Amino acid sequence: KIAVIHKLIGTKYRKMKNTMKISAIAGTIMFGFATLFKLQHWPLAGVLMVLGAFILAFIFMPSALVVLWKENHSRKRLFLFISGFVTGMLFIFRTLFKIQHWPEAGIILSLSVFSGIFFFIPSLILNRLADPENKHKKPIYLLGAIGCILYVAGALFKIQHWPLASLFMVLALVILFIVVLPWYTW
């Protein structure tokens, strides 16, 4: 009986993993062609974009979350997975709403950036710092996180036409490429 149960669980897991892979490829291809169609002002651009976004958001992202959970079963990484899931979903809808010029695109854009800055990046850094092998890399990871946060915030400020966007982005690039990257590779 136990062998049959393990086989069924393994079969469901393989199906979920295949669903994840196929939906990732299909959604990305649709989104890519939608971008081409949108730039060329061809018909069906909006339909392809909405379909690609929904496949990525409602098929790929949940199946990726389940596969990550099945592979790790780590309660320590659960918040990282969920914050990545929420940030990813908001990022997909942010892109869809902004490109389609739908109302509330700015709000979704801000929510995706704030969830990335306040939840995903900190949980990623905390997760990396919890690993005992990374203790000596703590300053590099913290500076890298600060650089990423500044760059993402600068991009938000630039897209929303808020002041200080250029300052954030230049400061982030200096931190990332003049300090963090050489230090990390050394």
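Tell me which residues, restricted to region 85-101, are in contact (Cβ under 8 Å) with a residue 40 or more places away in the chain and either open to solvent by less than 50 Å² (accessible area, probe 1.4 Å) or in contact with a Gly (Cβ under 6 Å, 6 or more places away or on another chain) (or both).
The initial filter retains those residues of region 85-101 that are in contact (Cβ under 8 Å) with a residue 40 or more places away in the chain, namely 93, 95-96, 98-100.
Listed by number, the residues that qualify are F93, T95, L96, Q100.
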Scan (1) of a type in the set (F, W, Y); (2) within 30 Å of P103 (Cα to Cα); (3) over 20 Å from the mean Cα position of the chain (by Cα) for the single condition F177 breaks and write down its number.
(2)
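Can you find, within region 74-112, the residue that is nearest to the chain's Cα centre (by Cα) among those that are assigned to a helix (DSSP H, G or I) and hydroxyl-bearing (S, T, Y)? Before you say what the answer is, go through the steps one by one.
The initial filter retains those residues of region 74-112 that are assigned to a helix (DSSP H, G or I), namely 75-100, 105-112.
Within this subset, residues satisfying the condition of being hydroxyl-bearing (S, T, Y) are 83, 87, 95, 110, 112.
On the way: S83: 9, T87: 6, T95: 12, S110: 14, S112: 9 Å.
Here the residue is T87.
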List every residue pair whose Cβ atoms lie under 9 Å apart, where the two residues are 6 or more positions apart in sequence or sit on different chains, the first residue falls within region 29-44 and is touching a residue at least 24 places away in the same chain (Cβ under 8 Å) and farther than 14 Å from I92 by Cβ, and the second residue, located anywhere, is in a helix (DSSP H, G or I) and open to solvent by less than 100 Å² (accessible area, probe 1.4 Å).
K38/A45; K38/G46; K38/L48; K38/M49; K38/I99; K38/Q100
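Which residues, taken from region 113-138, are out of contact with any Ser or Thr (no Cβ under 6 Å at 6 or more places or on another chain), open to solvent by less than 60 Å² (accessible area, probe 1.4 Å) and assigned to a helix (DSSP H, G or I)?
Kept after step one, since they are out of contact with any Ser or Thr (no Cβ under 6 Å at 6 or more places or on another chain), are these residues of region 113-138: 113-114, 117-118, 121-122, 124-138.
Pick out the ones that are also open to solvent by less than 60 Å² (accessible area, probe 1.4 Å) and you get 113, 117, 121-122, 125, 127, 129, 131, 134, 137.
Within region 113-138, V113, I117, I121, P122, I125, N127, L129, N134, K137 qualify.
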Please work out which residue is farthest from G84 (Cα to Cα), limiting yourself to region 139-165 and to residues that are open to solvent by 40 Å² or more (accessible area, probe 1.4 Å) and of a type in the set (F, W, Y).
W162
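The values are calculated or read from the model by the stated rules, or taken from the named source; none is laboratory data. Bear in mind the structure is a predicted one, so any value in this text is a computation, not a measurement. FYI the Cβ positions are ideal-geometry reconstructions off the backbone, even for glycines, and counts take in every protein chain you see. Areas reflect the complete protein model, heavy atoms only, side chains present, ligands, DNA and RNA absent. Shrake-Rupley method; radii C 1.70, N 1.55, O 1.52, S 1.80 Å.
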